[in-house]
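K.L.:
First, the structure itself, so that you have it in front of you.
The values are calculated or read from the model by the stated rules, or taken from the named source; none is laboratory data. All values derive from a computational prediction rather than experimental measurement. Glycine gets a Cβ as well: all are built from the backbone with ideal geometry, and neighbour counts include every protein chain shown. To get the accessible areas, we keep the full protein, side chains included, count just its heavy atoms, and leave off ligands, DNA and RNA. Shrake-Rupley method; radii C 1.70, N 1.55, O 1.52, S 1.80 Å.
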Amino acid sequence: MRVLLVGSGGREHALAWRLASSTELDELHAAPGNPGIASLATCHPVSAEDGDGLLGLARSLAADLVVVGPEAPLVHGVSDALRHVGIPVFGPSAAAARIEGSKVFAKAVMAAAGVPTAAVLREPRAPCVLKADGLAAGKGVVVCRTDAELAAGLEVARGFEGTVLVEELLEGPEVSVLAVCDGRDALGLAPARDFKRAYDGDTGPNTGGMGSFAPVPDVDEPMLESLLATCVRPTLAELARRGTPFVGTLFAGLILTADGPRVLEFNCRFGDPETQSILPLVDGDLLGALAAAASGSLPGLTLGRLPASAVTVVLAAGGYPECGDAGSPIEGVGDAEGEGALVFHAGTARSDGRLVTNGGRLLGVTATGVDLAEARVRAYAAADRIRIAGARRREDIALEAVGQA
């Protein structure tokens, strides 16, 4: 099978790493890829946002499957263009991707499907949450617990494009539930938890994610199945009823409140950095599952889960999320891998043969262990081996969960 992977971040590197292990894979290509992906695939200088370029590339490669990683190409319809010429795609249509592309649309779908979610408020009043309706790279949410935070949040929200949604503020631990979907059926993966805030103790601004772990101690198999049954499958059914079946990864961001789980948001793709923690735990052929989903034939297929845990620590530029870094040397990746860790490239480039920084989130260091405690120790030990001037990380990834496990 010839596969074209679209994207250039840590999520796509993790996907490339997992897809490369499939016995069904003949050729792996990436557009545009990154230095880490280049060790696993043939990279092509075509942007993930270039729909025409991706269509031409997929045709020239005679791709048997295109796997689209980022949300923006999906929301803008790249899957539709590829499917129109008969190329199988793992990734939803633009109409189905609106589940992430518009919070207002997602609310309407959830209401019709009977999916529990946060209530929408008619006007901002503390405590509340302000959300950008459209895509915001994980940074379009402002939590306002006090009047002062609300005033500051409203200033931030003025920078959002389009409608701003005001929701009730819910309290409780969060969990990411990702499911591979073929338009009707859903195959759940290990539940994960990410760390959105920039600094330790969940302080500072929202980011694209500073780390993650899987599985989540407070979400056992029966509870995971319940979340799929109450939140994911009804959403799939409603999208299909509207004539826009969802084929791809439906990602439910949930909060476990005292009154039960509530959906905070839906995403239309694999999460980042959750994917970096989830995929090392997959026991089975991920490529086969994605191809089956793309062809609408998931029933009867299963993906096992290894009896282990995974922790991912993100190394970010010192000024992230306000700004990134470019051109600073990155050293010690081989040393970290020598510790047994997986190092997923997120914002890197090659310059004169050297690996250098090229973004906000630079690397994701993932380690596995028999439990979260062991995985955490291994992830931080490996991250210690990497040297990037000015880079920083959170020191509390999975720390609280280790005490709960």
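K.L.:
When the dipole is taken about the Cα centre of segment 194-332, and only Lys, Arg (+1) and Asp, Glu (-1) are charged at their Cβ, what size is it in debye, to the nearest 20?
P.N.:
Using only the charged Cβ atoms, the result is roughly 560 debye.
K.L.:
Another question about this same structure. Please work out the average accessible area per residue across segment 188-290, using the 1.4 Å probe convention, and give it in Å².
P.N.:
Heavy-atom SASA per residue in segment 188-290 reads 29 Å².
K.L.:
What accessible area per residue, rounded to a whole number of Å², is obtained for segment 25-155 using a probe radius of 1.4 Å?
P.N.:
That works out to 42 Å² for each residue.
K.L.:
Excluding Ala317 itself, what net charge comes from residues whose Cβ is under 12 Å from its Cβ, given Lys and Arg +1 and Asp and Glu -1?
P.N.:
Net local charge, Ala317 excluded: +1.
K.L.:
Mind checking the dipole of the chain: about its Cα centre, +1 per Lys or Arg Cβ, -1 per Asp or Glu Cβ, Debye to the nearest 20?
P.N.:
About 600 debye.
K.L.:
Taking every pair of distinct Cα atoms and averaging 1/r, then inverting, what Kirkwood hydrodynamic radius in Å comes out for the chain?
P.N.:
Kirkwood hydrodynamic radius for the chain: 21.2 Å.
K.L.:
For the chain, what % of the accessible area comes from carbon and sulfur atoms, probe 1.4 Å?
P.N.:
The value for the chain is 51 percent carbon and sulfur by accessible area.
K.L.:
Same structure again: Under a 5 Å amide H to amide H cut-off, with H placed in plane at 1.01 Å, what residues pair with Arg269 once short-range neighbours are removed?
P.N.:
Phe251
K.L.:
What order do you get for 28-41, 255-268 when each peptide is scored by the mean count of other beta carbon atoms within 10 Å, highest first?
P.N.:
For the peptides 28-41, 255-268, the packing ranking is 28-41, 255-268.
K.L.:
Sorted by mean Cβ packing within 10 Å, highest first, what order do the peptides 299-309, 166-176, 280-290, 364-374 take?
P.N.:
364-374, 280-290, 166-176, 299-309
K.L.:
Related question: Once every DSSP H run of n ≥ 4 in the chain is given -39500 (n - 2.57) and the sum is divided by its residues, what mean residue ellipticity at 222 nm do you get, rounded to the nearest 500 deg cm²/dmol?
P.N.:
-8000 deg cm²/dmol
K.L.:
Taking +1 at the Cβ of each Lys and Arg and -1 at the Cβ of each Asp and Glu, which of Ala349, Gly360, Phe270 sits farthest along the dipole of segment 250-363 towards its positive end, judged by Cα position relative to the Cα centre?
P.N.:
Most positive-ward Cα: Phe270.
K.L.:
Same structure, new question: Ile278: accessible area at probe 1.4 Å, nearest 10 Å²?
P.N.:
Its accessible surface works out to 0 Å², give or take rounding.
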